[in-house]
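Okay, so here's the structure we're looking at.
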């Protein structure tokens, strides 16, 4: 009886600890902007400019340029956010560090050129993903090619667009970078 009670107490304690711990990747910020924004014990001043709101077939994407400043040290971080909204209640924001913007634009350029000839199979999908869990997917749907823009992993939000909209989203991201360049 004592052994059973001890074993039950140990199991309960172990389970409580396991559920209380956060996975390391969930707790750690994935981008410099997220790390900067999550600082405690400091005043963080956030500057931002809305560059574009791009509606789609199902949802919308909002592109903003960002500047975060630590008021105590004067240190700054720059980048872009994309808020993906599926409906009035479902939205998520992904952060893109300034030094990741050029790679994102190159990835968008690459996938925007793809069509059904990318593979000999009947359908295709090509994805580009950032450190901040922003994903651009080009995929075949019936006789059309579509674009999905997703933000997040758990509770991921996805908006869908005609593939031609990718050029507008790309331009908004490039404009956000230009805005930052003009302020640095």
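Details
Okay, residues lined up against (1) part of a helix (DSSP H, G or I); (2) farther than 20 Å from residue 58 by Cβ; (3) free of Cβ contacts under 8 Å to residues at least 60 places away in the same chain; (4) touching a strand residue (DSSP E or B) at 6+ places or on another chain (Cβ under 8 Å):
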{"site": "107", "(1), (2), (3), (4)": "yes, yes, yes, yes"}
{"site": "121", "(1), (2), (3), (4)": "no, yes, yes, no"}
{"site": "138", "(1), (2), (3), (4)": "no, no, yes, yes"}
{"site": "149", "(1), (2), (3), (4)": "no, no, no, yes"}
{"site": "159", "(1), (2), (3), (4)": "no, no, no, yes"}
{"site": "175", "(1), (2), (3), (4)": "yes, yes, no, yes"}
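- Residue in segment 39-54 that is over 16 Å from residue 82 (Cβ atoms), under 20 Å from the mean Cα position of the chain (by Cα) and modelled with pLDDT under 95 present: yes
- Filter result for residue 148 (loosely packed, with under 15 Cβ neighbours inside 10 Å, closer than 17 Å to residue 169 by Cα and at pLDDT 95 or above): no
- Out of 108, 154, sole residue that is within 15 Å of the chain's Cα centre (by Cα) and crowded, with 18+ Cβ neighbours inside 10 Å: 108
- Condition met for residue 126 (out of contact with any strand residue (DSSP E or B) (no Cβ under 8 Å at 6 or more places or on another chain) and within 20 Å of residue 170 (Cβ to Cβ)): no
The values are calculated or read from the model by the stated rules, or taken from the named source; none is laboratory data. All of these numbers come straight from a predicted model, not from anything done at the bench. Please note: Cβ atoms are built from the backbone with ideal geometry, for glycine as well, and neighbour counts cover all protein chains shown.
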